[in-house]
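First comes the structure, then the notes that go with it.
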Amino acid sequence: ANQPYVAAVIDPAYGTLTYAELDEKSSQLAAHLQHLGIHNGRVGLHLERSYYFPVGFWAILKSGNTYVPLDAKHPPQRLAFMIENARLEAIISHSSLLAVLPQMTQPVLLIDEIEPQLADAPALAAVEMAETAVILYTCGSSGQPKGERLPHKAVQTYMHTAANQFQLTPSDNILQFASIGFDTSLEEICVTHLSVGTLILRTEESLNSIQAFFNFCHTYQITVLDLPTAFWHTLTIEMQRDPTLQLPAGIRLI
């Protein structure tokens, strides 16, 4: 609220969303969910990495619902199990992903199709928040994936602690690297916006090589990276092999 014109999200394929725009778009989508009678329930978010991702995430929480991420790269059988097991009331997706969603009875809101109508949505109503903020599913490597409930207090405590530990400021550009289904994606979004920093959405092309990744970090002036172990190992091995590969100077924390 105090930094409306600061960039909240940079999506290389779309452009920049300021904090004012992110707040407006997420509030409109939240109000639309309320208007449909979807509140104090569980809403799945089935999206690829785009500016719709943080918009949908904050909209689900603002509307008083529980956020359930559905990785668009997961096979239909896994998605079908998660949708049924989580007892979702609705799913927010994109028209380009409709073909990979399993058949279901829950309503599917195609965010790109309803976006033009959202400006006419009624005002967002104050609601009692669902006790559970997020339901995350385990990888299921030892059997069926299990849904883990994360209450609001636990999420808030962790995110505030992480933002303080990482010493994040509005000057930080933080890379959104993780897939939507991983808990790290929550950390990337929440600690960035708690700190009024800028969330930079990575592209698939930035992973073509370590040099391409470093070029991306340099172009978008990334200051903080939160990398999975496997990618970190690949990065350090390549840097050992090729001394000309150097971390961009602006990166202050990994």
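The values are calculated or read from the model by the stated rules, or taken from the named source; none is laboratory data. On a predicted model such as this, the values are computed, not experimentally measured, just so you know. Cβ placement follows ideal geometry from the backbone for every residue including glycine, while neighbour counts extend to all protein chains displayed. Accessible surface is based on the protein model in full, side chains and every heavy atom, while ligands, DNA and RNA are left aside. Shrake-Rupley method; radii C 1.70, N 1.55, O 1.52, S 1.80 Å.
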Filtered residue count, the stretch 141-194, keeping only those that are surrounded by 15 or more Cβ atoms within 10 Å (Cβ to Cβ), outside any helix (DSSP H, G or I) and of a type in the set (Val, Ile, Thr): 2
Would you confirm, using the coordinates I've provided, whether residue 132 is among the polar types (S, T, N, Q) and closer than 28 Å to residue 24 by Cα? yes
So in the stretch 235-254, with the set limited to residues that are of a type in the set (A, V, I, L, M, F, W, C), within 24 Å of residue 169 (Cα to Cα) and under 24 Å from the mean Cα position of the chain (by Cα), which one is surrounded by the most Cβ atoms within 10 Å (Cβ to Cβ)? 251
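Residues checked against (1) without any contact (Cβ under 8 Å) to a residue 12 or more places away in the chain; (2) crowded, with 20+ Cβ neighbours inside 10 Å; (3) farther than 22 Å from residue 168 by Cβ; (4) within 19 Å of the chain's Cα centre (by Cα):
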{"position": "198", "(1), (2), (3), (4)": "no, yes, no, yes"}
{"position": "201", "(1), (2), (3), (4)": "no, yes, no, yes"}
{"position": "212", "(1), (2), (3), (4)": "yes, no, yes, no"}
{"position": "215", "(1), (2), (3), (4)": "yes, no, yes, no"}
{"position": "221", "(1), (2), (3), (4)": "no, no, no, no"}
{"position": "233", "(1), (2), (3), (4)": "yes, no, yes, no"}
Of all residues in the stretch 143-172, which are hydrophobic (A, V, I, L, M, F, W, C) and in contact (Cβ under 8 Å) with a residue 40 or more places away in the chain? 166, 168
Name the single residue, out of those in the stretch 90-111 being exposed (fewer than 14 other Cβ atoms within 10 Å of the Cβ) and among the small types (Gly, Ala, Ser), that is farthest from the chain's Cα centre (by Cα). 99
For the stretch 42-87 the number of residues that are in contact with a helix residue (DSSP H, G or I) (Cβ under 9 Å, 6 or more places away or on another chain), part of a loop (DSSP other than H, G, I, E, B) and open to solvent by less than 40 Å² (accessible area, probe 1.4 Å) is 9
Checking residue 34 against (1) without any contact (Cβ under 8 Å) to a residue 60 or more places away in the chain; (2) over 18 Å from residue 177 (Cα atoms), the condition it does not meet: (1)
